[in-house]
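So the structure is just underneath, and the comments pick up after that.
The values are calculated or read from the model by the stated rules, or taken from the named source; none is laboratory data. The structure displayed is predicted, hence computed values, not measured ones. Here the Cβ positions follow ideal geometry from the backbone for every residue, glycine too, while neighbour counts run over all protein chains shown. Surface areas here come from the heavy atoms of the whole protein model, side chains and all, with no ligands, DNA or RNA. Shrake-Rupley method; radii C 1.70, N 1.55, O 1.52, S 1.80 Å.
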Amino acid sequence: MKWTSGEPPEYFSDVVDDGFWVAEIDHEIVGTGKVNLQTGKVDAVFVHPQRVRFGIGAKIIKHLEHIAIDVGLIELNLESTLNAAPFYRSCGFQGIEIAKYNSPRGIELDCILMSKKLL
């Protein structure tokens, strides 16, 4: 798996910063993930539907954790969709509190606030 970080298309740059990563296999984008290196917030973890259940999501989380540790963060946090919470729990995240996630596009959905101590 190859990890890349680079300049996003201009229309996407308002949501993407230096903490956004793309996972590639054989020049095909198979997943994404983002970590805010100031707050430790994990976001935009997605895996291509045909590549689900091959460990790519877990590798993305591990990659984001290593980056966070390298800059001195001691905890990661995220807002999980209800169906993704078991995946994040399998990666060591904890949390049960249901809240509302408000996307930048104005969509609101139930989520679970989760966090993971690093080190």
Checklist outcome for this item: For segment 22-48, pairs from a residue that is touching a residue at least 60 places away in the same chain (Cβ under 8 Å) to a residue that is open to solvent by 60 Å² or more (accessible area, probe 1.4 Å) and assigned to a loop (DSSP other than H, G, I, E, B), with Cβ under 6 Å and 6 or more apart or across chains, are none
Next on the checklist: Can you pull out every residue in segment 49-86 that is touching a Gly at 6+ places or on another chain (Cβ under 6 Å) and open to solvent by 60 Å² or more (accessible area, probe 1.4 Å)?
Outcome noted: 75
Checklist entry - Quick one: would you say residue 25 is out of contact with any Leu (no Cβ under 7 Å at 6 or more places or on another chain) and at pLDDT 95 or above? => result no
Item to check | Residue in segment 23-35 that is most open to solvent (accessible area, probe 1.4 Å), counting only those that are of a type outside the set (Gly, Ala, Ser) and either part of a helix (DSSP H, G or I) or under 23 Å from residue 83 (Cβ atoms) (or both) | outcome: 29
Checklist entry - Hey, residue 105 hits all of (1) of a type in the set (Lys, Arg); (2) over 12 Å from the mean Cα position of the chain (by Cα); (3) modelled with pLDDT of 95 or more; (4) open to solvent by 80 Å² or more (accessible area, probe 1.4 Å) but one; which does it fall short on? => result (3)
Checklist entry - Within segment 2-13, is there a residue that is of a type in the set (Lys, Arg) and either modelled with pLDDT of 90 or more or at positive phi (or both)? => result no
Item to check | Hits in segment 87-99 - residues which are out of contact with any Leu (no Cβ under 7 Å at 6 or more places or on another chain) and surrounded by fewer than 10 Cβ atoms within 10 Å (Cβ to Cβ) | outcome: 96
